[in-house]
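The values are calculated or read from the model by the stated rules, or taken from the named source; none is laboratory data. Values in this document were obtained by computation on a predicted structure and should not be read as measured data. Note that we place each Cβ from the backbone using ideal geometry, even for glycine, and neighbour counts take in every protein chain shown. Ligands, DNA and RNA are stripped out before the accessible areas are found, and what is left, the full protein with its side chains, is counted by its heavy atoms. Shrake-Rupley method; radii C 1.70, N 1.55, O 1.52, S 1.80 Å.
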Amino acid sequence: VQLQASGGGCVQTGGSLRLSCAFSGRTFTTFFMAWFRQVPGKEREFVAVINWRDSITNYADSVKGRFTISRNNAENTLYLMMNSLNADDTAVYYCAADRSSSATMRRSSAIDYWGKGTQVTVSS
């Protein structure tokens, strides 16, 4: 599996960004997909996950109501729409794929496939 994240950049507080993650190498519709983020010196943090079966989603409390994870199965692409961004959202964002379960997808150590990150910087 190959994952390629894009869409990061610099934005002011209160702004929005949409991240994309292109998936290839396996059948996209058999994978749970997730976004994580990481800042220097801290562990990789779960952001959101989406089920392959029925697109049920789950979010970290810190982003609930502001971020939306979605997937386009026809285009093998995962998205993360981020609204009302603040300085605490500054991080490198990673997309992830695994066949196990939504619960497993919340634990970075259990995930099989990772993309290279994309930097998101929120400035005041």
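Quick notes
- Within the range 84-102, considering residues that are part of a strand (DSSP E or B) and of a type in the set (A, V, I, L, M), the one nearest to residue 53 (Cα to Cα): 97
- Pick from the range 93-115, criterion modelled with pLDDT of 95 or more and open to solvent by 50 Å² or more (accessible area, probe 1.4 Å), ranking: farthest from residue 15 (Cα to Cα): 113
- Hits in the range 1-16 - residues which are open to solvent by less than 30 Å² (accessible area, probe 1.4 Å) and either part of a strand (DSSP E or B) or under 12 Å from residue 78 (Cβ atoms) (or both): 3, 5, 9, 11
- Check on residue 34, closer than 16 Å to residue 5 by Cβ and surrounded by 12 or more Cβ atoms within 10 Å (Cβ to Cβ): yes
- Candidates 81, 105, filtered to the one that is in a helix (DSSP H, G or I), on the phi < 0 side of the Ramachandran plot and in contact (Cβ under 8 Å) with a residue 12 or more places away in the chain: 105
- Check on residue 29, at negative phi and open to solvent by 60 Å² or more (accessible area, probe 1.4 Å): no
- Residue list for the range 45-90, restricted to those being over 13 Å from residue 17 (Cα atoms), at pLDDT 95 or above and in contact with a Lys or Arg (Cβ under 8 Å, 6 or more places away or on another chain): 45, 46, 47, 49, 50, 58, 77, 78
- Filter result (among the hydroxyl-bearing types (Ser, Thr, Tyr) and assigned to a strand (DSSP E or B)) within the range 17-46: 20, 24
- Residues of the range 40-92 satisfying the condition of being closer than 26 Å to residue 13 by Cβ, open to solvent by 50 Å² or more (accessible area, probe 1.4 Å) and either in contact with an Asp or Glu (Cβ under 8 Å, 6 or more places away or on another chain) or among the basic types (Lys, Arg) (or both): 42, 44, 62, 64
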